[in-house]
Amino acid sequence: MTSCSVTFFFALAPIRCTVEIKAPAGTPTLDVCPETGRARLSYRRAEEIFEENTRLLANPLASPEDIEDLDGWTLHRLRHSALTHDAEDGTSTPMLLARSRHASVRSLERYARPGVDSVARHVAERDPAARWRT
């Protein structure tokens, strides 16, 4: 069995891990790569791989010897981190709702909280007096 590199993107940094995934007989055609014959990862397996490979990133003060006792990041956290970054970059609320599949703005609130730097950048970009200072 050959290795396949899987890349997850957390915030702006890619996290790469290598896994052995060969499609078992009977796997639906749409779930098999036509070039490599490897199966697409299930959400459960992708979650396991991501969590295992982010343990030290999520716990920067821990030593590698303690890796088995650590918790890594989850795909759910990754998803909502992406929503936060999109909100900080000015993505509209309707688009954030559609991407997150949340039914109400209230449920989206906890993820779409721009940081202090994003708010400052937003205000600076829209300051009408700024054109006179440049």
What trypsin sites (Lys or Arg not before Pro) does segment 55-95 have in DSSP loop regions with at most 15 other beta carbons within 10 Å? none
Work out Dmax and Rg for segment 50-100 from the C-alpha atoms and quote the Rg first, both in angstrom. 14.8, 45
Just how much of Glu109 is accessible, in Å², when a 1.4 Å probe is used and the result is rounded to the nearest 10? 90
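With N residues in segment 25-134, what two-decimal value do you get for its Cα radius of gyration over 2.2 N^0.38 Å? Working shown, then result.
Values: Rg = 20.3 Å, N = 110, 2.2 N^0.38 = 13.1 Å.
Output field value: 1.55.
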Residue-wise HN-Hα coupling along segment 99-113, computed from phi with Karplus coefficients 6.51, -1.76, 1.60 (Hz; x: Gly, Pro): 5, 7, 6, 7, 8, 9, 4, 4, 6, 7, 3, 5, 9, 9, 10
Accessible surface of segment 46-107, 1.4 Å probe, proportion on carbon and sulfur as whole %: 52
Keeping every protein chain in place, order Leu30, Leu57 by accessible area at 1.4 Å, biggest value first, i.e. largest first. Leu30, Leu57
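Please give the net charge around His102, taking every other residue with its beta carbon less than 15 angstrom from that of His102, where Lys and Arg add +1 and Asp and Glu add -1. Don't skip to the end; give the middle numbers.
Details: positive: Arg79, Arg99, Arg101, Arg106, Arg110, Arg113; negative: Asp86, Glu109.
Net of charged neighbours comes to +4.
The values are calculated or read from the model by the stated rules, or taken from the named source; none is laboratory data. For clarity, every value in this text was computed on a predicted model and none was experimentally measured. Neighbour counts are summed over all protein chains in view; Cβ atoms, including those assigned to glycine, are modelled from backbone coordinates with ideal geometry. What goes into the accessible areas is simple: the full protein's heavy atoms, side chains included, and nothing from ligands, DNA or RNA. Shrake-Rupley method; radii C 1.70, N 1.55, O 1.52, S 1.80 Å.
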